[in-house]
Amino acid sequence: MSSATSQEYKEITDEINANFSVVDSTICALKSELSKGEFNTSYVFISQNVKHVVSYIQRALENILSKAKNFGNIWVSSPLQMFAYRGNPIVIYEYRDTIREFSESVRAIVSNLYTNVGKTLAAYILVYETLEKFGFKPPFVLVESSEFSSQNLIDFVFDEFETIGPRVEYEPSKSQVITYSGIDVSETLSLLIVGHESFHIIDRLGGVFDGFCRATGFNGGKRCREALVDVMSTLYFGPVYAYAMQRHFEKRYPLSGESHMEMNIRLLALDYLISVLGIGKGNEAQAQRLTSFIKLLEKRMDKDALENARNDRKQLDMMLDKGIIGYVKNYFKGNGISTYEEFVKVVEKREFDSDHEKIDRERIRFMLRKEIPAAVRPTTLLNALYGSGDIDMIDSRLITASFKKWYVKRYYEKSLEKK
């Protein structure tokens, strides 16, 4: 090998090593950033969830760092690789830049976990209560974003490594991430959108949609899975969920997503569910508002959206024909969960009658109007406010205070039951 060639390879080696030195220092800096002291809140499950998620990310960073070092060694140990680098160094630049972007993203996510507990406390309590009812206790965290969504932790944090650099193997994890809109989270109705995401977690961990497909021979994709989650959410949260979805869509129409049925079809399904179940009767003004909004959506839809809506309607009708409502009700029953209509007729009545201080929905509304937090179940509280028309006017801080009061009361009662 000529001295000129040798010198060229040395220069290439030095440049590759310099790039991977950036990768190494970036990951090490992130590890140091995440190594904070104990994070404690008054809600043990939140502290434990955050600790679990951060610890998992720290362990995964060790795998990423190890893979990155091996990746760098491959590039500098092979003349063929160095020759390829000389002709196309962009691969290494992209890997380096992806690591830096990833590290910034993770740092922001973890920082968000610590700083936003206060404004997401009511949502944390609602998700915890919902998951626990169905027998699931996965570590979950709430992360600020521009939209509401839910994903497995691995997919949410590490998905971008699937397309660049060496494949990284991660230890299995049931940890879940729910993202929320930072603009909307202060509104009371956003709690029901977070509640929708909690049923996505139940579906993933419980295999509800897949079970329905196996049991009935139905073959549907992501859009149908969303419809199932809407059915579960309506059966559990009641008519306030349909109202929350309508208000949510009012902020976003005429946009539609690839993984969701068209807005008008989703709202038609919710309206159908409520009418079939006979819940939410008497709110004629809201029923008219929903009908008018569905018509408005249809006026704003372009040709493609209308075609999607027709296909969605066929899929939805097929799901209904195959007994999706009955299947979800049986799933609830198998987990000892009352649907909303059963809850109002039996559980809520029993709890109201047995309370030491007589309380019912009218008293709940009275207390909140007087800015007194009410220690009642979130579902009861939100539907009481919806029924009276107060839900759009109530201060969300009062809702959080009520959820906190209920949480303390409920889990104190559970501690007594264990004794």
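The values are calculated or read from the model by the stated rules, or taken from the named source; none is laboratory data. Everything numeric in this text was worked out from a predicted model, so none of it was measured. Don't worry about glycine lacking a Cβ; one is built from the backbone with ideal geometry, like all the others, and counts go over all protein chains shown.
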- Query: Among the residues of the range 75-84, is any in contact with a Lys or Arg (Cβ under 9 Å, 6 or more places away or on another chain) and either assigned by TED's automatic domain parsing to the domain that holds TYR124 or surrounded by 12 or more Cβ atoms within 10 Å (Cβ to Cβ) (or both)?
  - Reply: no
- Message: Please determine whether any residue of the range 277-286 is surrounded by fewer than 18 Cβ atoms within 10 Å (Cβ to Cβ) and in contact with a Leu (Cβ under 8 Å, 6 or more places away or on another chain).
- Response: no
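Okay, residues lined up against (1) among the aromatic types (Phe, Trp, Tyr); (2) closer than 30 Å to ILE90 by Cα; (3) crowded, with 19+ Cβ neighbours inside 10 Å:
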{"residue": "LEU126", "(1), (2), (3)": "no, no, yes"}
{"residue": "THR130", "(1), (2), (3)": "no, no, yes"}
{"residue": "PHE140", "(1), (2), (3)": "yes, no, yes"}
{"residue": "ARG167", "(1), (2), (3)": "no, yes, no"}
{"residue": "GLY182", "(1), (2), (3)": "no, no, no"}
{"residue": "GLY195", "(1), (2), (3)": "no, no, yes"}
{"residue": "ILE201", "(1), (2), (3)": "no, no, yes"}
- Residue check, GLY37 surrounded by fewer than 18 Cβ atoms within 10 Å (Cβ to Cβ), within 30 Å of LYS404 (Cα to Cα) and modelled with pLDDT under 85: yes
- Message: Cβ contacts < 8 Å: first residue free of Cβ contacts under 8 Å to residues at least 60 places away in the same chain and outside the structural domain of VAL177 (by TED's automatic domain parsing), restricted to the range 31-60; second residue part of a helix (DSSP H, G or I) and of a type in the set (Phe, Trp, Tyr), any location; separation 6+ or different chain. Result?
- Response: none
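Test ASN88 against the criterion of being under 18 Å from the mean Cα position of the chain (by Cα) and farther than 16 Å from ARG377 by Cβ, and give yes or no. Walk me through how you get there before you give the answer.
Values: under 18 Å from the mean Cα position of the chain (by Cα): no; farther than 16 Å from ARG377 by Cβ: yes.
Considered against the rule, which asks whether it is under 18 Å from the mean Cα position of the chain (by Cα) and farther than 16 Å from ARG377 by Cβ, ASN88 comes out as no.
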- Message: Six or more apart or on different chains, Cβ atoms under 7 Å: show the pairs whose first residue is in the range 133-145 and on the phi > 0 side of the Ramachandran plot and whose second is surrounded by fewer than 17 Cβ atoms within 10 Å (Cβ to Cβ) and assigned to a loop (DSSP other than H, G, I, E, B).
- Response: GLY135/ASN335
- Message: Checking the condition among the aliphatic types (A, V, I, L, M), in the same structural domain as VAL106 (by TED's automatic domain parsing) and either surrounded by 20 or more Cβ atoms within 10 Å (Cβ to Cβ) or modelled with pLDDT of 90 or more (or both), which residue from VAL240, VAL208, VAL229, VAL177 passes?
- Response: VAL177
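Matching residues to (1) β-branched (Val, Ile, Thr); (2) touching an Asp or Glu at 6+ places or on another chain (Cβ under 9 Å); (3) in a helix (DSSP H, G or I); (4) within 19 Å of ASP230 (Cβ to Cβ):
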position: GLN151; (1), (2), (3), (4): no, yes, no, yes
position: ASP159; (1), (2), (3), (4): no, no, yes, no
position: VAL177; (1), (2), (3), (4): yes, yes, no, no
position: TYR180; (1), (2), (3), (4): no, yes, no, yes
position: HIS196; (1), (2), (3), (4): no, yes, yes, yes
- Candidate set from the range 142-165 (those that are modelled with pLDDT of 90 or more and β-branched (Val, Ile, Thr)); member that is surrounded by the most Cβ atoms within 10 Å (Cβ to Cβ): VAL157
